[in-house]
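Just so it is clear, none of the values below were taken in a lab; they were calculated from the coordinates. This one's a predicted model, so the numbers in the text were calculated from it and none came from an experiment. Using ideal geometry, Cβ is built from the backbone for each residue, glycine included, and neighbour counts are taken over all protein chains shown.
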Amino acid sequence: MSDERGRGGQDPAAAGGPPRDHILADENIGALLWRLSIPATVGMAIMATYNLVDAIFIGRGVGSLGLAGLAIVFPLQLIVMSVGQLIGMGGASIISRALGAGNVARAHRTFGNVLTLLLIAAGVITAAGFGYLDGLLRLFGATDAILPYAREYLTIILWGTGFRCYAMAHNNIIRSEGRARVAMVTMMVGAIVNIILDPIFIFGLDMGMKGAALATVIAQGCTTSFIIYYFLSGRSSIRMSPSDMRPDLAIVRETLAVGSASFGRMAAGSVVMVVLNHLLGEYGGNLAIAAFGLINRMTQFLFMPIIGFAQALQPVAGFNYGAKRFEMAKRAMRISGIRATAFSVGSFAIIMLLPQLLVQMFTEDPELIRMAVPAMRIVAAAFPVIGLQMLGAAMFQAFGRAPQALLLTLSRQVLFLIPLVLVLSRLVGLWGIFASFPAADSLSATVTLIMLAREFRRLDHKEAQMVEARRV
C-alpha cells in the first residue's frame, strides 16, 4: 500500500464501498474465520503454554508457596495486560472499521495514538508498582509466608511492563489488518524463549522465583522486538508518521471507550483475584490460594483458544459492520459461536475426566492435590456456555458498541461472581467460593443470549432500511 494512498485521506475504493482486495473483504465468512482463527487460536494456546510452564516449573522447583506467590502477583499482571488490551483492542476496532470504510488515513492516525497512549500507561504502571510494591502485594492477599516469594517475582516482572503492554496492544493491531499468522508468530517467539529459559534459570542457575520472572521479561522483550521489526519492515499495510502520535482527542476517546470492554474483563479479573485471594486465605489458608492459582492457570490454558476465536471474529465483524454488510457480520458471529461452544464443551470434558492428571502436572503435594481436584471440577461445571459469552462481548466491541460490550464483559466477574463469592463463602465456606463460578457463568450466558438476540434484530432493521433506500 503506497504512502500516497495512506496519507491522501480516503482510499480510492471508499466512494464505492470497502476495498475489495482486502483480506477481510472475503465473502466466504466461514473460510475467512478459519484462516484468521487457526493462527490466533494456535498463538493463544502457545502463549497460554508458557504461562502454564511458568506455574509447572515454579510448582516443582519452588513448591506450593511459590505457586501461591504466583497467584498473588497475577492480579497485577492482569492489570498490565488489561491496559494493553484497553488501548490495543480499542485501537484495533477503529482500524478494522476504518479499513472497511476505506478511510486508511484514520487507521494510521489511530496506530500512532495507540503508541502514545502505551508509552504513558507503561511509565505510570511501572513507577506505581515500584513505589508501592509490598503494599500492593498485601492488598492482593499476600500472607507473611507468601510475601517473600511474591516480592521476588514481582520485582523482576515490573521491568517488563512496557514490553507486555506493547506486545498485547500491537498483537491486536496486527490482527485488525487481517494478519493473523504474523500475530501468531509474535506469540510463538515469546513462548519459545520463555520455555527454553525457565528451566535454565529456575533449575540450572537455581534462581527460583527470580529466574521464572527474568525468563518471562526476556521473552516479552523478544516479542516486542519482533513486532517492531514487522512494522518497520514494510510488510504491514498500516503506516505511521511522527505526526500520527500527536493525540487526537476523538480517536483517544473512542479507543478508550471501545477498549473499555477488554480492560473491564481483565481488570475485573484482577479485582476478582484480589477478593478470592483474601477469602481463600481466610477459609482455606495458603494451600487454598495455591490450589486456585493452579486451577486458574489450567482453565486459562484451556480457554485461550476461545480467545483466539474472538480475536478472529473481531476484525471480520468490524470490517463488515464498517462496510454495512450486516448479514456478513451476523454470519461471522453465528459461525464463531458454534465453533467456540464446541471447543468449550471439549474443555469441560477434559476437566471432568482428567482432573487429577491435570493437577499432578503442577505438584506432587498430596494435600494440594486432594483440594485442587474436586475444586477444579466445581469451577468448570458451566464451562460449555462460556464460549458464547466471550464471543458476545467481542462482537459488540467489534461494532464499536462500547456500553453493551462493557456490560457483557463485566457481567460474569463483577455483576455476578463477586456478589456470589461474598455470599456463598459466608453460607458454605471454602466450597461456596468454588461453587460461585458455575453460577456466575450460567447467569452471564443468559444475559449474553438476550442481548445478542436484540442486536441481531437491530441489524435486521438496518439491513431492511438499506434495501428500502436502494429501492427509492
> For residue 364 and residue 243 in the same chain, what is the full-extension length gain: residue separation times 0.36 nm, less their Cα-Cα distance, in nm?
Replying inline: 37.9 nm
> Once every DSSP H run of n ≥ 4 in the chain is given -39500 (n - 2.57) and the sum is divided by its residues, what mean residue ellipticity at 222 nm do you get, rounded to the nearest 500 deg cm²/dmol?
Replying inline: -28000 deg cm²/dmol
> Could the peptides 313-321, 102-110, 280-288 be put in order, highest first, of the mean number of other beta-carbon atoms found within 10 Å of their residues?
Replying inline: 313-321, 102-110, 280-288
> Out of 126, 335, 61, whose Cα points farthest toward the positive end of the dipole of the chain (charges: +1 Lys, Arg; -1 Asp, Glu; placed on Cβ)?
Replying inline: 335
> Which is farthest toward the positive dipole end of the chain among 38, 51, 353, measuring Cα position about the Cα centre, with Cβ charges +1 (Lys, Arg) and -1 (Asp, Glu)?
Replying inline: 38
> Dipole magnitude of the chain about its Cα centre, charges +1 at Lys/Arg Cβ and -1 at Asp/Glu Cβ only, in debye to the nearest 20?
Replying inline: 1360 debye
> In nanometres, what is the gap between the two model label sites at residue 119 and residue 453, each 7 Å from Cα along Cα-to-Cβ?
Replying inline: 5.0 nm
> So for the pair residue 278, residue 428, with labels modelled 7 Å out along Cα→Cβ, what separation do we get in nm?
Replying inline: 2.2 nm
> Based on the Cβ-Cβ distance from residue 462 to residue 253, what FRET efficiency comes out when R0 is 41 Å, to the nearest 0.05?
Replying inline: 0.95
>> I'd like to compare 51-59, 81-89: which one has the highest average count of other Cβ atoms within 10 Å, and what's the full order after that?
In response: 81-89, 51-59
> Against the longest alpha carbon principal axis of the chain, how many degrees, from 0 to 90 and to the nearest 10, is the axis of helix 430-471 turned?
Replying inline: 0 degrees
> So how tilted is helix 366-379 from the main axis of the chain? Cα-based, degrees 0 to 90, rounded to 10.
Replying inline: 30 degrees
> Of 239, 454, 175, 60, how do they rank once you tally other Cβ atoms within 10 Å and put the fewest first?
Replying inline: 454, 60, 239, 175
> In the stretch 324-373, which GluC sites (Glu not before Pro) are in a loop and have at most 13 other Cβ atoms within 10 Å, using DSSP for the loop call?
Replying inline: 364
> Of all trypsin sites (Lys or Arg not before Pro) in the stretch 315-387, which ones are in loop regions per DSSP and have a Cβ with at most 11 other Cβ atoms within 10 Å?
Replying inline: none
>> Rounded to the nearest 20 debye, what is the charge dipole size of the stretch 251-340 about its Cα centre when +1 sits on each Lys and Arg Cβ and -1 on each Asp and Glu Cβ?
In response: 520 debye
> Classify the stretch 332-433: rounded, prolate or oblate, from the alpha-carbon gyration tensor (a ≥ b ≥ c, eigenvalue square roots; a/c under 1.5 rounded; otherwise prolate if a/b is larger than b/c)?
Replying inline: oblate
> By counting other Cβ atoms within 10 Å of each Cβ, how are 365, 198 ranked from fewest to most?
Replying inline: 365, 198
> Of 352, 168, how do they rank once you tally other Cβ atoms within 10 Å and put the fewest first?
Replying inline: 352, 168
>> Compute the helix-to-body angle for 161-176: its Cα long axis versus the longest principal axis of the chain, expressed 0 to 90° and rounded to tens.
In response: 40 degrees
